[in-house]
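Written out below as C-alpha cells is the structure these notes cover.
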2 protein chains.
Amino acid sequence: MPSYIAPVKDIQYVLHDVLDVSSAQTAGYSDLEKEFTEAILETAGQLATDLLAPLNTIGDTEGCIFKDGKITTPKGFKDAFEQMKEGGWPGLDLPEQYGGQELPSLIGTAVGEIFSSANQAFTMYQGLTHGAASAILAHGSDEQKDKYLPKMTSCEWTGTMNLTESHCGTDLGLMRTKAVPQEDGSYKITGEKIFISAGDHDMSENVIHLVLAKIPGGPDGIKGVSLFIVPKILVKEDGSLGENNNVSVGSIEEKMGIHGNSTCVMVYEESEGYLLGEMHKGMRAMFTMMNEARLGVAMQGLAQAEAAYQNAVIYAKDRLQGRDVTGIKNPDGPADPLIVHPDIRRNLMDQKSFIEGARAFMLWGAQLLDQAHRDKDDAADGLISLLTPVLKGFLTDKGYEATVNAQQVYGGHGYIEEWGMSQFTRDARIAMIYEGANGVQALDLVGRKLAQDGGKHVMAFFEMVKTFCKDNDSEEMAEFITPLKSASKDLQSSAMFFMQNGMKNPNAALAGSYDFMHLFGYVCLGFMWAKMAKTSSKAALESDDPEFHNNKLITARYFMARQLPMTTTLLKRIESGADPVMSLSAEAF
Amino acid sequence: MPSYIAPVKDIQYVLHDVLDVSSAQTAGYSDLEKEFTEAILETAGQLATDLLAPLNTIGDTEGCIFKDGKITTPKGFKDAFEQMKEGGWPGLDLPEQYGGQELPSLIGTAVGEIFSSANQAFTMYQGLTHGAASAILAHGSDEQKDKYLPKMTSCEWTGTMNLTESHCGTDLGLMRTKAVPQEDGSYKITGEKIFISAGDHDMSENVIHLVLAKIPGGPDGIKGVSLFIVPKILVKEDGSLGENNNVSVGSIEEKMGIHGNSTCVMVYEESEGYLLGEMHKGMRAMFTMMNEARLGVAMQGLAQAEAAYQNAVIYAKDRLQGRDVTGIKNPDGPADPLIVHPDIRRNLMDQKSFIEGARAFMLWGAQLLDQAHRDKDDAADGLISLLTPVLKGFLTDKGYEATVNAQQVYGGHGYIEEWGMSQFTRDARIAMIYEGANGVQALDLVGRKLAQDGGKHVMAFFEMVKTFCKDNDSEEMAEFITPLKSASKDLQSSAMFFMQNGMKNPNAALAGSYDFMHLFGYVCLGFMWAKMAKTSSKAALESDDPEFHNNKLITARYFMARQLPMTTTLLKRIESGADPVMSLSAEAF
C-alpha cells in the first residue's frame, strides 16, 4: 500500500525563503511566521499520513455504494470526516464571522495540497463545500449567508455545484433545468444534473446544492441562466432541518477513478430553490466558484504527482535490479537499487523538477488571490485571472504525466492495483477534465484572458519576468536567467503571432491555444525555478542546511536543461498556424 | 459502448501504394495482390467488428474469475475463441508444415492490429501462443516441434512465456526458479512466476508454458538461465493428453486494465519440463519470443490508439457543443458539433497523424522481419533489430498518449466507464510496461543496438533517409523533405553526442536514452510521412480517389508542422548530458 508524508520542509521553503510571506503587506500575512505555518502544516501532515492516506486505497476499492436511494461512503470515511470537522480544517480560510479561522488562501492551498495528496476523493467533499460557501459568500444575501455559511464552514452541511446536464457540459447555454418563480420569492427547480461530485453521501446531515437553471421567459442561451441554492433538506427559519426537498440521486457514476467520491446524477423535481445573486447572471456567480475550483483542481494535479513521486522514490531505492554501469553500488546485495540507473533518475527528476516548480507556482497563485481579495489589488486580480487557466491546464496535464511516470518506475508492479500506483494515475486523470476540460482552459486563456483589459495583465507578466532577469543578470545566475529569457521570448513570440494572425483568422490563434497554455506553464515554472535558484544560491552560503539549497540548485538546473527547452517546440507548433489543424474536412477524420 | 471498424483502406494503402508489397522480391510476397489482402483484411475486420469488439467491454467489466483453482474467462470469450480457431486465424503466418497458412509476418501484423484494436485482452491469448510457437520453431528439436506446434498453430493448446518472478523483472539473472535434471533427460521445474499473461484459462485443453529457470550448478546470473517447455498437462508419446503436471495458478492479478486476459501467478512444483534450445542459453531462446512479442506490443500501441481515435471522431461529429467562432456550421441545431473547434481538431490530428505514420512504420518493420527471416537478409535483420526498441517504446508511449487524448474529447463522459474510453487508456497503459518497460527499450537501443556490428545498422538507416531526401529533392516535395532532413540531422547529432561523450562516461549516453528513443521514433514517422507524401502527391493526380490522397497530404503536412519539431527539444535534452540527471544524491530524491 502506498504511503505519504507531507513535504512540510519544501512547502515552508516556498512560503518563507522564496515568497517571504510573513513580510508581505497583505492582510493577515504578518501572522504567518515560520513556526506558525510549520505547526499547521505538521498537524495537517500528521492527519494526512495517519488518517487520510490509509483510507485512499479503501476508497478506491470499495467505492461509494448506492442502495435504496442512499449513498454509503467507503468504510472509515465518515469517522475521518468527523475528525476533520473537529479539527476545524474545512473552515481554515473561511471568515471568522461564520466560524472559520480566516487564514489566507495561501494556507488553505498549502494544506489542501497535503490532504489531496493523501486522499483526493475524500478531500473533495470539503473542497466542494468550500467552493459553494465561497459563492454564497460572494453573491448571497446576508440572510442566505447567515442561514448556510456557519454549517458549511464546519462541514456539518456539505455543498455541491450543479452545472452539467447529459447533453451539455461546456456549452451551458443549452441547459434544460427550469426554475419556476413562486409567489413567496422562491423557485421550483426541475431537471437532471450529471457528474455532481459529492452529490450525496452519509457524512453530513444536509447537502446544499448550488444549481444552474433557467427561469422560463428569460433570454436564450447562457444569458438566461441563473444560480440557485437548493438544499437537500429544507432549512427552517430557526436554522433547524425541515422537510425533504424532492432532491434525489438518480444513480452514481462508475468512473475510472476517485471512487471514494460519490459522483451523482442529481434529480430535482419541483425542489425549492432560492436565487443566489442576480437573475440571469448565474454564470457570473458560478464563476466565483469555478475560478476557485479551478485553482483547487490545479492543486490536485500537483498533489497526485507528489504522492506518486514519493512512492516511486521509495521503490527506486528499495528495488534491487541490475548494476550501475559505472561501477557496482551495492556490492553486498544481489543487485543495485533502481535509482542508480540514469533512465530511472531521468524519470524521477522530470517528476521532481515539475512538482517543486509547480508548488511554487501554485502558492504564488494563492498569494495573488489573497492580494486580490484581501487588498483589493486589481493588478494581482488581473494576473491570477490570467494565470488560472495556465495553473489548471498545465499543472493537471503535467501532474498526470508525472503519475504515469511514477507508475512506470514500478515496471509490471505499477500495473497491479495492489501497489496503488494505478490509482494515482486514475485519480489524477479527472483533473484534466473537470472544472472545464483543459482544452476549454486553453480557449479561456487565448480567447479571453490574453486580451483582457487591453492585454495589460500579460504585459505585466512579461515585464515582471523581464525585470527579474535584469535584476539578476549576474554571471552566477546566468545558467538560470539565460534559459528563462529564451523561454520567455518564445512565449512573447507566440503572443505576437496570435496578435498578428488572430485578428484576421481567430483559428490561427485557437489552433495554438493548447500549446500556448503549456508554453505559458513552462515559462511560469522556469520563472519559479529561477526565483528558487536565486534564493538558494544565497542560502547555500548562509544557511545551516546548505545541502538542501544545493539540491534545489541541482533541480533548478535540471528543469532549465531538460524541461524548459520544450518551449522551442511549442512555439513552432503555434507558428504553424491554422492551416495544418483546419485543412482536413470533417468527413475525412 | 464503443465501436470499431477495421481501417482496411488505410492498411491497403500502406501495403500496396506505399510499400508495393506484391512487387517485392521477398518469398511469398508475390501472392499478396490487392484483392487477396483486401479479402483477408475485410474478413478479419468483420470478425473484429461483429465478434471481438462487442466482447471488449464485457471482458473489462467481468474480468477473469479464479475459483476453486480454475479460471473462467468472461462470457462469450470461449465461443469467440472457437470461431477464431475455426477460421484458422491463429496460424495465419505459421508454417504450413504444422497446419498454418504460412503467410508473411506482414499480413499477421496487419490482421493483428485489427484484432487488437477490437479486443486487446482477448487477442493476447493467441498472440502469446504465437510467440511461444515461434520460440519452439526456432529452438526446438524436431520431436518438440512435431509434438507441440500443430496444436499450438491451431490454438487448441495455447502458450505462455514465464520470465518474471516477484523479486526480478528486468534483471532475470536474479531468478530462483530451479530446473533439476532427471535421468530421462527431462527436468523437474520448481518455482513461482508472476505476471503470466494468458497463464491459465478455460479456452484450450492444454497450456504450453515456456519457463526460464536455472539448472543448479550452472553459471551465476543471466548466464545460467535455461528455457524449458512445461505443459500444464503432460503430452503422451502419441500426442494425447496424460496427467496433470503440477502446474497451478497461485492467484490472478488485479490489474489496471486488460481484465479479459488472465494474468496469473504460476506455481511449478517439480513440474516436468524439457529443455528448449541449449543449456544456459535460455535468454537467447527467450529473445526469439521477446523480439516478436515486442513488435506485437508496438502494434498494440497503434491498435488501441486507432480504436480510441475512431470513437473520439464519432463523438466529435455527434456531440453538439458551442459554436464555430468563424461562423455557425449547424444553423438548424442548438450548437455546432465539437469537430468545428480548432482545439478538438488539434487533438484529433495529433492522434490521426500519429496513427497513420505508426501503421506505415509498423508494416515496414514487419516487411523487414520477413526479409530477415524469409530471405535471410542480414541488412534487414540488423535494421529491424535496431528498430524493434524504437517501435516498442515509441509506439506504445505515443499510442497511450493518443488514447488519453481521445478520452479527453469526451469531456466528463470520457471518465465514465460506460463510454468505454477509459478502458482504451487502461488497456493501452500495459504496453508501455510489458515485454521490457520502455526505459529498458531505450537502454537496449542506446546501450546495445546502436553500436551493434560496428554501428552499421544505424548508419544504413541514416543513409536510407539521406538517399530518399536526395532522390526527392523537388520543389513540390520540399515541404516534406526539409523538415525530415532537419529532424534526421537532430538524430544524427544525438548519436554523435553519444559517441563523443558516452565512451568517457556511459551515463552521458544513458541519461539521454529515452529521449533518443523518442527522437528516433519521430524521425521514423517523419520518414514514413515523407514516403506517403511522395506516394500520394503522385496518386492525387492519377488515382480515381484524389480526395483520399489529398487527405494523406494534409495529414503529412500536419505531422511535419506540428509533431516533427519535437526533435529539437529532444536533442537539447540529450545534449545536456549526464550532469543534470546524475548530480542529485540518491538520498536527496
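The values are calculated or read from the model by the stated rules, or taken from the named source; none is laboratory data. Quantities reported herein were computed from a predicted structural model and do not represent experimental measurements. Cβ sites come from the backbone with ideal geometry, for glycine too, and all protein chains shown count toward neighbours. Just so you know, the surface numbers come from the protein's heavy atoms only, side chains and all, with ligands and any DNA or RNA stripped out. Shrake-Rupley method; radii C 1.70, N 1.55, O 1.52, S 1.80 Å.
Looking at B:535, B:567, just one residue is of a type in the set (Ser, Thr, Tyr) and crowded, with 24+ Cβ neighbours inside 10 Å, and that residue is B:567. Taken over region A:325-365, the criterion of being facing another protein chain (nearest Cβ under 9 Å), farther than 25 Å from residue A:14 by Cβ and of a type outside the set (A, V, I, L, M, F, W, C) is satisfied by A:326, A:329, A:334, A:337, A:341, A:342, A:343. Checking each residue in region B:190-232 for being of a type in the set (S, T, N, Q), part of a strand (DSSP E or B) and closer than 16 Å to residue B:158 by Cβ picks out only B:206.
The residue of region B:102-118 that is least open to solvent (accessible area, probe 1.4 Å), among those that are assigned to a loop (DSSP other than H, G, I, E, B) and closer than 18 Å to residue B:11 by Cβ, is B:104.
A quick yes/no check of all residues on (1) without any contact (Cβ under 8 Å) to a residue 12 or more places away in the chain; (2) over 29 Å from residue A:255 (Cα atoms); (3) part of a helix (DSSP H, G or I):
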residue	(1), (2), (3)
B:327	yes, yes, no
B:335	no, no, no
B:347	no, no, yes
B:393	no, no, yes
B:400	no, no, yes
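Does residue A:39 fit the bill of being more than 28 Å from residue A:314 (Cα to Cα), of a type in the set (A, V, I, L, M) and open to solvent by 20 Å² or more (accessible area, probe 1.4 Å)? When the stated conditions are applied, residue A:39 does not pass them. Please enumerate the residues belonging to region B:152-189 that are assigned to a strand (DSSP E or B), among the aliphatic types (A, V, I, L, M) and crowded, with 17+ Cβ neighbours inside 10 Å. The answer is B:161, B:179, B:189. Evaluated against (1) under 22 Å from residue A:130 (Cα atoms); (2) at pLDDT 95 or above; (3) open to solvent by 20 Å² or more (accessible area, probe 1.4 Å), residue A:294 falls short on exactly one condition, (3).
Only residues that are of a type outside the set (Lys, Arg), over 17 Å from residue B:290 (Cα atoms) and more than 10 Å from chain A (Cβ to nearest Cβ): list them for region B:159-176, please. The answer is B:175, and nothing else. The number of residues in region A:258-271 that are within 11 Å of chain B (Cβ to nearest Cβ), surrounded by 24 or more Cβ atoms within 10 Å (Cβ to Cβ) and not in a strand (DSSP E or B) comes to 1.
Highlighted here are the helices (runs of 4 or more DSSP H) found entirely within region B:485-562 that include at least 3 residues which are at pLDDT below 95: B:513-542.
Taken over region B:540-589, the criterion of being at the interface with chain A (Cβ under 8 Å from one of its Cβ atoms) and among the aliphatic types (A, V, I, L, M) is satisfied by B:554, B:561, B:566, B:578, B:581, B:582, B:584, B:586, B:588. Being open to solvent by 10 Å² or more (accessible area, probe 1.4 Å), at pLDDT 95 or above, within 14 Å of chain B (Cβ to nearest Cβ) and out of contact with any Phe, Trp or Tyr (no Cβ under 6 Å at 6 or more places or on another chain) is a condition met by at least one residue of region A:228-250.
Selection within region B:432-451: residues that are in contact (Cβ under 8 Å) with a residue 12 or more places away in the chain and under 18 Å from residue B:499 (Cβ atoms). The member of this set that is most open to solvent (accessible area, probe 1.4 Å) is B:443.
Does residue B:347 satisfy the criteria of being open to solvent by 20 Å² or more (accessible area, probe 1.4 Å) and not assigned by TED's automatic domain parsing to the domain that holds residue B:16?
no
Kindly provide the set of residues from region A:381-431 that are within 11 Å of chain B (Cβ to nearest Cβ), open to solvent by 10 Å² or more (accessible area, probe 1.4 Å) and acidic (Asp, Glu), ordered by number. Once the filter is applied, which keeps residues that are within 11 Å of chain B (Cβ to nearest Cβ), open to solvent by 10 Å² or more (accessible area, probe 1.4 Å) and acidic (Asp, Glu), region A:381-431 yields A:397, A:401, A:417, A:418. Between B:486, B:494, the distinction of being in the same structural domain as residue B:560 (by TED's automatic domain parsing), open to solvent by less than 10 Å² (accessible area, probe 1.4 Å) and small (Gly, Ala, Ser) belongs to B:494 only. Could we say that residue A:191 is modelled with pLDDT under 95 and farther than 17 Å from residue A:65 by Cβ here? In short, no. Taking residue A:462, is it surrounded by fewer than 23 Cβ atoms within 10 Å (Cβ to Cβ), among the hydrophobic types (A, V, I, L, M, F, W, C) and within 27 Å of the chain's Cα centre (by Cα)? For residue A:462, the condition - surrounded by fewer than 23 Cβ atoms within 10 Å (Cβ to Cβ), among the hydrophobic types (A, V, I, L, M, F, W, C) and within 27 Å of the chain's Cα centre (by Cα) - is met.
Within region B:555-578, residues that are touching a residue at least 60 places away in the same chain (Cβ under 8 Å) reach partners that are assigned to a loop (DSSP other than H, G, I, E, B) and of a type outside the set (S, T, N, Q) with beta carbons closer than 6 Å, at six or more positions or on different chains, in the pairs B:574/B:512; B:578/B:511.
Selection of region B:496-554 for residues being free of Cβ contacts under 8 Å to residues at least 24 places away in the same chain and of a type in the set (D, E, K, R) yields B:504, B:538, B:542, B:544, B:545, B:547.
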